[in-house]
Amino acid sequence: MNDVSPISPNRICLICCFFLIAGCFGNYPKAPSLDTDQPQRGMASWYGPSFHGKPSASGEPYDMWALTAAHRTLPFETWVQIEKVATGETVTVRINDRGPFIKGRIIDLSYAAARELTMIGEGTAEVILTILNRPHVSIPSQKTPKHFWVQAGAFTSLTEAMSLRERLASQYSHVRVKTVKLASGEWHRVQVGTFPSKETAETVARTIKKDIGVDSLILTSN
């Protein structure tokens, strides 16, 4: 008969730690792809005053009053719509940070974004995340885009989009409302253009932010 040595307490502890650590990985909600028709559902949280002014993962200082958010995998400058499941309230945010790193959460909203969803007191809320715009990625083999647009806003309401268009049309000669159909419904994008260089478009974007207080997105077209 063979002798069987008892498992030492230290080995039992190591085995338990292994399974505990393994349980912390692989159970996050699946991250969305960059396809606009693939929403993601899960829990959102928010972060605020204690991080205000500190560098985010993108290098941009965190501004608790800006409509931004942290996501684990989406590229910086991705714009997403966040819908609160319980109430149907929505907010559009720009990804500029990494997180959340707590199991089961899919996005960390800025204080301002969380306030739009009336979830400050709750701390967390179940949401649906839908990608609205992907950041432009330069590929060396492709030609440099000839024209640049500044997107000043995206609305589900055509009335709101036309109102912003009229406001911007008093300052810029070419302002259009481009309507696109996504899984979440029709979106009306207010765009100012076109500009021959990204630098010129960025200057216009800064002016628009100063005038109406919103972050603009730079888009490209051939």
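What follows draws every value from the coordinates through simple rules; no lab data is involved. Just so we're clear, the structure is a prediction, and the values are computed from it rather than from any experiment. FYI the Cβ positions are ideal-geometry reconstructions off the backbone, even for glycines, and counts take in every protein chain you see.
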Completion exercise
With E186 itself left out, Lys, Arg at +1 and Asp, Glu at -1 over residues whose Cβ is under 13 Å from its Cβ give +2
Problem - Neighbour-count ranking [beta-carbon atoms within 10 angstrom, fewest first] of S58, S197, S216, S173 - result: S173, S197, S58, S216
Practice task
Would you mind counting up the charge near T68? Only other residues with Cβ under 10 Å from its Cβ, with Lys and Arg at +1 and Asp and Glu at -1.
Solution key: -4
Problem - the range 37-110: mean projected area of Cα convex hull, nm² - result: 5.1 nm²
Exercise for the section: Go through the range 42-128 and name the chymotrypsin sites (Phe, Trp or Tyr not before Pro) that are in a DSSP coil and have 11 or fewer other Cβ atoms within 10 Å of their Cβ. Expected result: F101
Fill in the blank from the handout: Taking Lys and Arg as +1 and Asp and Glu as -1, residues besides E77 with C-beta under 12 Å from its C-beta add up to -1
Completion exercise
Measuring from its Cα centre, the range 147-221 shows a charge dipole (+1 at each Lys and Arg Cβ, -1 at each Asp and Glu Cβ) which, in debye to the nearest 20, is 80 debye
Problem - Test item: Cα-centred dipole of the range 35-92, Lys/Arg +1 and Asp/Glu -1 on Cβ, debye - result: 260 debye
Problem - Computed over the range 147-221, Kirkwood Rh from alpha-carbon pairs, angstrom - result: 12.3 Å
Problem - Cut-off 18 Å (backbone N to label point 7 Å along Cα→Cβ of A169), residues of the range 190-222 - result: 190-194
Exercise for the section: With a point put 7 Å past each Cα toward its Cβ, work out how far S197 is from V177 in nm, to one decimal. Expected result: 3.4 nm
Exercise for the section: Report, in debye and to the nearest 20, how large the dipole of the range 40-133 comes out about its Cα centre when Lys and Arg carry +1 and Asp and Glu carry -1 on their Cβ. Expected result: 260 debye
Exercise for the section: Using the structure shown, list the pairs from K103/K178; K103/K210; K84/K209; K103/K198; K103/K181 with a Cα-Cα distance above 30 Å, or answer none. Expected result: K103/K178; K103/K210; K103/K198; K103/K181
